[in-house]
1. Looking at the structure I just gave you, is ASP270 in contact with a Phe, Trp or Tyr (Cβ under 9 Å, 6 or more places away or on another chain), acidic (Asp, Glu) and surrounded by 12 or more Cβ atoms within 10 Å (Cβ to Cβ)?
2. Out of all the residues in segment 54-93, which are more than 18 Å from PHE44 (Cβ to Cβ) and hydrophobic (A, V, I, L, M, F, W, C)?
3. Could you pull out every one of the strands (runs of 3 or more DSSP E) wholly within segment 18-63 that has 1 or more residues that are under 30 Å from ALA123 (Cβ atoms)?
4. What about ILE107, is it touching a residue at least 24 places away in the same chain (Cβ under 8 Å), within 22 Å of GLY65 (Cβ to Cβ) and out of contact with any Leu (no Cβ under 8 Å at 6 or more places or on another chain)?
5. Considering only segment 176-192, I want to know if a residue exists there that is surrounded by fewer than 16 Cβ atoms within 10 Å (Cβ to Cβ), modelled with pLDDT of 85 or more and aliphatic (A, V, I, L, M).
6. Can you tell me which residue within segment 338-389, out of those that are of a type in the set (Ser, Thr, Tyr) and within 16 Å of SER158 (Cα to Cα), is modelled with the lowest pLDDT?
7. With the requirement that a residue be among the aliphatic types (A, V, I, L, M) and either at positive phi or not in a strand (DSSP E or B) (or both), what does segment 144-173 give you?
8. Hey, can you tell me all the residues within segment 504-516 that are in contact (Cβ under 8 Å) with a residue 40 or more places away in the chain and either out of contact with any strand residue (DSSP E or B) (no Cβ under 7 Å at 6 or more places or on another chain) or not assigned by TED's automatic domain parsing to the domain that holds ASP576 (or both)?
Amino acid sequence: MQFKHFIYVLFFMLTCSFVNAQVKFETRVSKKRLGLNERLRVDFEMNQDGDNFNPPDFRGFRVVGGPNQAISNTYINGKRSYSKTYSYFLSPKSQGRFSIGQATIEINGETYKTIPITVVVTAAVARPKDGNDVDYLASENVHLVAEVSNSNPFLNESITITYKLYVSNQVSITSNWREIDTPKYADFWSQNIDSRGNYKIYEGEYKGEDYRYVVLRTTVLYPQKTGKLMIAPLTLDVPIDVKSNRRDLFGRPLMTRVNKTISAGNRTIDVKPLPEEGKPVNFTGAVGDFKFEVTTNNRKLDADESFELSVRVSGNGNLKLFDLPSVTLPSSLEVYEPTRADNIRTEHNGMTGAMIENYTVVSQFKGTYPIRPISFSYFNPKTETYSTLSSEEIIIEVENGPVSAESTRQDSKDNGNKQAVVLNRDQFKYIKLKANLEPMTKEHFFKSKLFWSLFGAPFLIIPLFILIGRKRKQRSADVEGKRLRRANMLAKKYLSEARKNMSDKITFYEALERALHNYLKAKLNIETSEMEKGYISKLLLERSVQPLVVTGFVELLRSCEYARYAPASKVTIQKDYEASVKTISNIDKQFQH
């Protein structure tokens, strides 16, 4: 019995320690840097219910609001989620660095303390920022950054620009962003390395604070000009969900969606010219770190047989932006135009791989033919020096075949004997001795088929223009039909993004809700903060929209809010889309300015 009692006690202690390990009690502030004329919101949040809450003394601040208490208790898929928050609104008394001290709470008999947070108070700002304003919170918690690997490269040296979207833990992005402006790289060779929509979320810091971020795009650039070159910014339209001051029936804060346009800003790249000192004569613009070789697949052969000569440059650098060294061979070797067999890929550190030119060479006469060394020069930006690489000398031996005239004369001169030149029987076979020539007849333009076609075309086109003009007049006179067509076009314009995502329920309803909101903002000239269903209904009724149509529009908004969290079939999605097209079309027809 004692052993059994010991087991119960041990199990109880382990359970209590596990529960205690899950307790979270932390301090959150609306900003860590504010002006003397701004206000600071401080939230003390815990994930379990506690007693005897003691706030810090808020030294250096005056409490102008609070404490406000909010409790959230939810069950999702059978899992309980609890949150309790004490909120204070503070006004700074003077400039300086102040610490929001430790708050304490008792949970299950244990006392828990928060970690102090340092806040910097500066001089008064021209326009105080309201920490409760959703637009301000959205702009302060989402940032688009363009990180450049090297802002002072050499001409034709690779650099990488990485676009990162930073999002703080205070807000969330639940739907896709939209690209408004794409960067232009007028003075660069560029290639994007996109994530293809598979964005991985990383943990990082932005200006010393914890953020989450995704890498939107990585672009490899090779500057083609020297001097200061400007890179236009990437600009996005991002829907951001921000916590509002309102709460639902269960005490959970309601989220407000704000569409913000954020930009990575212009970036300037100062490109250095390549040094003139030590530049080789045969330098053709290769910048990087390379290897060079010249090879053949056969060095002993007979006349009229061919072999392949390969010139290869491999390594890391601007491989697509320079020419390979040319090949000069003895006149007795017939050389054809080279074929390219490049194997180049673009990675985060630039182009890597190999450039290859393959020459097909045919030997015509017997003899020994040397291929002199070929040199290749490049500039290495890491060492800031030029390097020249040379290939080895290659000897081609043609063992069997006719002897060239030049070799015959040389042998005659050496031996004092004259020998007949032996020619290849097929040497002049390409010359055609009997040509089948035919006389050319000159065709006159006058009274030709082209002449009569051009002459009669106007008589056929004029009646067609008259018929088209009448149709346009009839279409313009049909005021009701014109208004109906315009309404349908407007509805489809706003709902185009939703239609593209009908296969994805969540994305479809987010796009549909955004389309309905954008339509209202354009039609009623209202802001996102005024998107309240009763106010929307009132404005539409004041502009002569029928009550039945207004009710249908409000129901669509409710459907968008709840459908993302409830099951929906393809039939339901199709019906909601068709209802949206019809409702927007009806509002546009009935709307009176």
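1. No; evaluated as a whole, the condition is false for this residue.
2. ILE76, the sole residue that qualifies.
3. Those strands (runs of 3 or more DSSP E) span 25-29, 33-35, 40-46.
4. In short, no.
5. No, segment 176-192 contains no residue that is surrounded by fewer than 16 Cβ atoms within 10 Å (Cβ to Cβ), modelled with pLDDT of 85 or more and aliphatic (A, V, I, L, M).
6. Within segment 338-389, the match that is modelled with the lowest pLDDT is THR346.
7. Listed by number, the residues that qualify are LEU155, ILE173.
8. LYS505, ILE506, THR507, PHE508, TYR509, GLU510, ALA511, LEU512, GLU513, ALA515, LEU516, listed by residue number.
The values are calculated or read from the model by the stated rules, or taken from the named source; none is laboratory data. As the structure is a prediction and not an experimental result, all values here were calculated from the model. As a convention, Cβ positions derive from the backbone with ideal geometry for all residues, glycine included, and neighbour counts pool all protein chains shown.
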